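The values are calculated or read from the model by the stated rules, or taken from the named source; none is laboratory data. Values in this document were obtained by computation on a predicted structure and should not be read as measured data. Because the Cβ atoms are built from the backbone with ideal geometry, glycine has one as well, and the counts that use them run over all protein chains shown. Just the protein is used for accessible areas: all its heavy atoms, side chains included, with ligands, DNA and RNA removed. Shrake-Rupley method; radii C 1.70, N 1.55, O 1.52, S 1.80 Å.
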Amino acid sequence: MMTTPARLRREFPDISTRAWEHPADRTALVGLRQLSGFDTLLRTLSGLLQERQHRLMYLATAVRVDERQFKNIHHLREDAVRILDAKTTPEMFVLQSPGANAFTIGMDRPFIVLTTGLLDLLDHEELRFVVGHELGHALSGHAVYRTMLMHLMRLAANIGWMPVGGWALRAIVAALMEWSRKSELSGDRAGLLVGQDVEASVRVHMKLAGGSRVDEMSHAAFLAQADDYDRAGDLRDGVLKLLNLELASHPFSVLRAAELRRWIASGDYDRILDGQYPRRHQDKDARISEEIKHAARSYRENFDQSEDPLIRTVRNLGRDVGAAVGTVGQEVSETLSKLGKRIRGSDD
């Protein structure tokens, strides 16, 4: 299948991570970044989770990617760093594992891990998409906030039996899980910006769903599954969809491909390719109120357009759209705002 030659890939000088971050993801990140002292809290959590020990473990048990080891992956990383104008190059390791997986961990020095199962499954351009996806995670600081989620999930497991505090913590974890799923959509957008190959980006999700026999699959039919999933069944199916997603940190592969299609159809992808994107030097001027409005608009549009039986029932009952949909970003930012006020109050 034809792919875009490297010489034709556009580069994005000074591009802000806000260019590829999903509205709900971006709202939460802006709020977190503006909270004074939050970095200190996260570094404390990092110590609890023994980040340095994790890196040493991969140094000892995996293969570090460089110009001598997994040279092709090294070149893909160099291309991704150049295209997204990253100021630092994260370390990358290849881990022997049959499962197809990739992840970015670490706080002070995020690093990327690819499994051999993933390398065996994907072709060169599909790997370019995955490397761009993981670099997007690193640049957006997602590894930092996933550390917080990991810690809270451990805490929830320990005190989940408590009738009041346990339920409150579960609600926070559920909101962060929703953020985590949206952050994966952000990573997919970063991967597409790096690869600039729509076909390859969809093939990644096709292979993650159905394995290596992509010649027996259809791009159009695969995307049509997402439409069928959205419309399928009755009210019971709508509830089951929510239950399936409850503790999932990643969206389902079919739905991720469809979400990428929607982002392209919105025109945002073409605008970025044309050089119309937010710059890093403008990040300090980003207003949380505007990000919340953007996220609310995104959720409302999805709510209005959805054919899911549960959402359709809610619409038909005439419930308030804003109350029914809500936004994770707004909930997180309000919680952080209250926390910040308490911290400042205790210091006075």
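Legend: distances between Cα atoms for Lys87/Lys182; Lys71/Lys284; Lys182/Lys284; Lys207/Lys284; pairs beyond 30 Å are Lys71/Lys284; Lys207/Lys284. Here region 196-222 is scanned for amide nitrogen atoms under 17 Å from the site 7 Å beyond the Cα of Ser97 along Cα-to-Cβ, giving 208-209. Here the calculated FRET efficiency for His281 and Glu216, from their Cβ-Cβ distance with R0 = 35 Å, stands at 0.15, rounded to the nearest 0.05. Glu67 exposes around 110 Å² of accessible area when a 1.4 Å probe is run over every protein chain in place.
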